[in-house]
Amino acid sequence: MTGTADHAIAAERIFDGETFRSDRTVLLRGGKIADVTAGPPPDVPVTRLPPGAILAPGFVDGQVNGGGSVLLNDDCSVDGIARIAAAHRAGGTTALLPTLITDTRPAIRRAIAGVAEAIRLGVPGILGIHLEGPFLSPRRIGIHDPARLARFGEGDAALLTGLGDRGITLVTLAPEEVPPGAVADLVARGARVCAGHTADDGAAIRRALAEGLTGFTHLFNAMSQMGPRAPGAVGVALSDERAFAGIIADGHHVGDLQLRLALRLIGRDRLMLVTDAMAPVGDPSGAPFTLFGRRIRRDGDRLTGEDGTLAGAAITMIEAVRHMSGRGGATLAEALTMASLTPARFLGLDGRLGRIAPGYAADLVALGADLAVIGTWIGGRAGRTA
């Protein structure tokens, strides 16, 4: 280590992104991790976590539709985006992509502008934007509004990538609903592209993979399933080693057996946890909300339309970690990796996020012995604490 640490965090157990280490102290300086040692140097303020606590890399969530009673589609102001991020920080997420579900082109422009301003003003944890739609299959639309689906045309690649180098852009589309070359164009403009809400039998998805598609959005949900001859989106996702896949481990979207199967076939290095969270996250009232005029019911952490269609989730990332490491067949180390290093790797940020190691951002989460979030740090600044 060079220089002097600003402060330090000591814990009985540290998860460094891949493995657990015992009785370590993380030294922080200038918003980054300066060193990991057996003990702090003299004259450095130390935060000591309670017995049994774990210090881990902060969670990275690539699919966050809302939180704090805010839905990005309804409120893409800086204040609205900050409320979404704060709601998820309470669940251990220190970096996220606010997600706009299928909406009009003017709404896409507004959301990109709002996220760009939030990044400019330094709203903690905002990495960029995830645009989920509107170029999706009407046959796998889920809770999205079919009236807002669109055909991919001239100018749409530029529209979707309007954030430019101010942040990360992730686009979810149905490969069969866009022309050949569209994925390659988006990738060339700097976007990451996922297949989702797709009815394709596998051929268009394979073409998109050749063009640079690198992920699948909420595996198993709102996508073509594997058949005896056609692999569908699920079959391609489970078998193609080029791609990552997000998965919602909330006990409602994906069965526990399917979680275990996906982990076995894809592995913790390419299977990543996402929340797909809606506005009710962080709102304990349990009140229903509306999505494009449709009433969405909440029963615990289960959200559905009046017809029973799942309408996103009402969980934070720590709940996904607990489910995946409990009923989903993962070890705690695997689940923590799936919530931090793996999504960071997917987004191309694993050189600065997802690990506790010198030079990495001091984005951290402290977990109690019961895996409840007892503290977070973003850029070394403490948020919620025990």
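Considering only Phe289, Phe220, Phe59, give the residue with the highest GNM mean-square fluctuation for the chain, with springs between Cα atoms whenever their separation is below 10 Å. With Cα springs under 10 Å in the chain, the top fluctuation among Phe289, Phe220, Phe59 is at Phe289. Working from Cα pairs under 8 Å separated by at least six residues, relative contact order for the chain is 20 percent. Between Ala150 and Ala203, the modelled labels are 2.8 nm apart [label points 7 Å from Cα along Cα→Cβ]. Rounded to the nearest 0.05, the FRET efficiency derived from the C-beta distance between Arg352 and Arg295 at R0 = 41 Å is 0.45. Calculation over all alpha carbon pairs of the stretch 344-386 in 10 angstrom steps from 0 returns a P(r) of 30, 43, 27, 1 percent.
In this view, the solvent-accessible surface of Leu261, computed with a 1.4 Å probe and all protein chains in place, comes to about 70 Å².
The phi-based Karplus calculation (6.51 cos²θ - 1.76 cosθ + 1.60; θ = phi - 60°) puts the 3J(HN,Hα) values of the stretch 167-175 at x, 7, 10, 10, 10, 9, 8, 8, x Hz, whole numbers, x for Gly and Pro. By the combined test of axial Cα extent (at least 18 Å) and Kyte-Doolittle hydropathy (mean at least -1.0), the qualifying DSSP H helices of the chain come to 105-120. Labels on offer are [x] 0.97; [y] 0.94; [z] 1.46, and the one holding Rg/Rh (Cα atoms, Kirkwood Rh) computed from this structure is [x]. Where both residues lie in the chain, what percent of DSSP beta bridges are antiparallel, nearest 5? Roughly 50 percent of the DSSP beta bridges within the chain come out antiparallel.
Using heavy atoms of the protein chains and a probe of 1.4 Å, the accessible area assigned to Ser22 is about 80 Å².
Would you give the gap between the C-alpha center of the stretch 1-66 and the C-alpha center of the stretch 236-295, rounded to a whole Å? After rounding, the separation between the Cα centres reads 28 Å. Highest mean packing first, where packing is the average number of other Cβ atoms within 10 Å per residue, the peptides 30-42, 117-129 line up as 117-129, 30-42.
Extending 7 Å from Cα along the Cβ direction at Ser285 and again at Arg229 yields two label points whose distance is 5.4 nm. Residues Asp145, Asp299 ordered from highest to lowest accessible area at a 1.4 Å probe: Asp299, Asp145. For Arg345, the shell of other residues with beta-carbons less than 9 Å away shows a net charge of -1, using +1 for Lys and Arg and -1 for Asp and Glu.
The values are calculated or read from the model by the stated rules, or taken from the named source; none is laboratory data. Note that the structure is predicted; figures quoted are calculated from it, not measured. With ideal geometry, Cβ positions are generated from the backbone for all residues, glycine too; neighbour counts draw on all protein chains shown. We work out accessible area using only protein heavy atoms, side chains counted, and drop any ligands, DNA or RNA first. Shrake-Rupley method; radii C 1.70, N 1.55, O 1.52, S 1.80 Å.
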